[in-house]
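The structure under discussion appears below in the form of structure tokens.
Just so it is clear, none of the values below were taken in a lab; they were calculated from the coordinates. Source: prediction; values computed, not measured. So basically every Cβ, Gly included, is an ideal-geometry build from the backbone, and we count neighbours across all protein chains shown.
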Amino acid sequence: MSALAHLRVYRFGPGAVFEGGLVGALERMKLGGGAKLLDALFVAHDASSGALAAVDLASGGADGTFASMLDFRLDAGRRRAITERTIAEHHGGVPRPLIEEIAATLEAGAAIFAVLHTGGTPSALDDAVARCHGRLIADHPVDARALAQIGPQLRAAAVAAAAR
């Protein structure tokens, strides 16, 4: 592996409002600029049902666009289907047991958003997170090209945030 990447993990409490800013910031990272997006994972517990909702780049961006991520945000039926695809054992992203461990650290309505990137600080992403009332809980250099390669660090960030 070449240059180190950065793992940034954000946490959102119950009541966070996601209006598309996170998806827009990821799309800007994917298109170029200072920080280059390598991988991302969003895990939440639905505020009303407590159901797990998850999407990562391996499943959400399977069509080469971010349309699936927008569907995830806007359409409950598509959210369930994308979550099932995300946690499927064969999809090639973050393994199901790790996603379930992360979800277990969250109360209803809360979410974790992990991003793996190279380059500089993703300012547009940090701004989008702040607008959603999220906070940065981990920022570590890692030697990885995908979140699935750094499960222990991702797990540790989620557990540490739950303990705060």
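In table form, for the structure just shown:
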quantity: Inter-label distance for Glu84 and Ala104, nm, one decimal - labels placed 7 Å from Cα along Cα-to-Cβ; calculated: 2.4
quantity: For Rg/Rh (Cα atoms, Kirkwood Rh), calculated from these coordinates, the label among [x] 0.99; [y] 0.92; [z] 1.05; calculated: [y]
quantity: Separation in nanometres of the label points that stand 7 Å from Cα toward Cβ, at Leu136 and Val159; calculated: 2.4
